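The values are calculated or read from the model by the stated rules, or taken from the named source; none is laboratory data. Note that the structure is predicted; figures quoted are calculated from it, not measured. Positions of Cβ are generated from backbone atoms using ideal geometry, with glycine treated the same way; all protein chains shown enter the neighbour counts. The protein model used for the area step is the full one, side chains on, heavy atoms only, and it has no ligands, DNA or RNA in it. Shrake-Rupley method; radii C 1.70, N 1.55, O 1.52, S 1.80 Å.
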Amino acid sequence: MRTARRIENLPPYLFVEISRKIAERRAQGEDVISLAVGDPDIPTPRHVIARLCQAAQDPQNHRYPESEGLPEFRHAISQWYERRFSVTLDPDREVLPLIGAKEGIGHIALCFIDPGDIALVPNPAYPVYSIGTMFAGGSSHYMPLTEDNDFLPDLDRIPGDIARKAKIMWINYPNNPTAAVAEPDFFERVVAFAKKYDIAVCHDGPYTEVAFDGYRPVSFLEATGAMEAGVEFHSLSKSYNMTGWRVGMMVGNAGIIDALRRVKSNLDSGIPQAIQHAAIEALTGPQDCVSEHNAIYQRRRDRLLQTLSQIGLNAKPPRASLYIWARVPDGYTSLEFATSLLEEAGVVVTPGTSYGKHGEGYIRLSLTIPDERLEEALTRLTAWHKQKLT
Ligand SMILES: *Cc1c(COP(=O)(O)O)cnc(C)c1O
């Protein structure tokens, strides 16, 4: 059998060596603690599950859903955007439910990228932006996210000939993996750039609800002109601990929404309806759970930062997202440092290079780990550091 080049061209999974070592250690009965996954450990809120169970009983929800989602779900999404961001969306033309944001992020390349086309993609970044581009036959021009540019792409450094060829630009704030946030003025500069070069902006925003110290992240669509320039991907995964149910949305420019709707109607048959009803409940029901979860993450963030600074790892306290992006000590690469934490402390972190070469020099630590496991991980890190000193 001969597989397609797009399969052979998939980049090597940098975490593969670590994954093998984790499996080996667990097989030997060793207790390995993972701070590597961005998947909320707290269950989906009870009222959301109750609605899901009730909806599952209704035979109307046993049949094929519509690819573009239930009208009442699209309506709930537009109401939520109005309440949360004061962004007005037409539920029929400017809202498209997705089988998780990842599904749409992967498929949108099919709407814009022909073989040979260019996408502007941050680096480090969520890998789906560049993989989707590659699957559609295009290539990624990487925009480095560094401490010097506050992890915001430097638009002036994008060469003019690349910008003119580019069809689409990816941005993501609050950011995974760097935990950086963006303010409206950055989004406005992106809109101006996109209009100048006729580029569609795809803003990935699944972490706007996961924020600390009273900070409220903005939506890309709040920026002047954003509705003409692009779309925003959002998700119930991180806001409501619903990663397992697979439900998200794309909102914004009606032309882009229509293009992805057409692609999707030829590929999938939508989100199971009982899950759409659960999502409506999440968006329109009581919202106390969001701040309760954030208080838990904030406490974990502070515990982790305290230990990191004691063991000589520098990290800026994140104002949002589920991650801490920490500099590794001098003398280590990201991968070497992650490997030594695994081998010598039994703690897993993600090497920054898993998200692209500009992630070198960093590790990502996730806040989605139960408190008592986090405390155990911190004890191990402290003991590991002490032993390193002697
Ligand atoms: C978690 C995550 C997503 C995916 O969300 P789903 O709705 O669960 O598919 C998309 N983008 C980023 C940056 C993420 O971290």
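General observations
- Relative protection proxy for 180-191, 377-388, from highest mean packing down: 180-191, 377-388 (other beta-carbon atoms within 10 angstrom).
- Mean-position separation - Cα centroids, the stretch 153-179 and the stretch 291-366, in angstrom: 25 Å
- Look at the Cα gyration tensor of the stretch 1-141: its axes a ≥ b ≥ c give a/c of at least 1.5 with a/b at or below b/c, and that counts as oblate.
- If R0 equals 45 Å, the separation of the Cβ atoms of GLN387 and GLU66 corresponds to a calculated FRET efficiency of about 0.15.
- For the chain, the solvent-accessible area works out to 45 Å² per residue, with a probe of 1.4 Å and every protein chain left in place.
- For the chain, size of Cβ-based charge dipole, Lys and Arg +1, Asp and Glu -1, in debye: 580 debye
- For the chain, calculated [θ]222 nm from helices alone, where every DSSP H run of n ≥ 4 adds -39500 (n - 2.57): -12500 deg cm²/dmol
- Dividing the convex hull volume of the alpha carbon atoms of the stretch 46-284 by its residue count gives 114 Å³ per residue.
- Cross-link reach is defined here as a Cα-Cα straight distance under 27 Å, omitting same-chain residues fewer than 8 places apart; for LYS386 the lysines meeting it are LYS21, LYS316.
- Summary of packing: across the peptides 67-75, 154-162, the per-residue average of other C-beta atoms within 10 Å ranks them, highest first, as 67-75, 154-162.
- Counting charges near LEU367 (Lys, Arg +1; Asp, Glu -1) among other residues having Cβ under 12 Å from its Cβ returns a value of +3.
- What the Cβ-Cβ distance of GLU183 and GLN28 gives, at R0 = 51 Å and to the nearest 0.05, is a FRET efficiency of 0.60.
- Links that overshoot a 21 Å alpha carbon limit, given the list LYS167/LYS195; LYS165/LYS195; LYS238/LYS264; LYS102/LYS264: LYS238/LYS264
- Take every Cα pair under 8 Å whose residues are at least 6 apart in sequence, average their separation, divide by the length of the chain, and the relative contact order is 24 percent.
- Accessible area of the chain belonging to carbon and sulfur atoms, whole % at 1.4 Å probe: 51 percent
- Order by protection proxy (mean Cβ within 10 Å, highest first), peptides 28-39, 236-247: 236-247, 28-39
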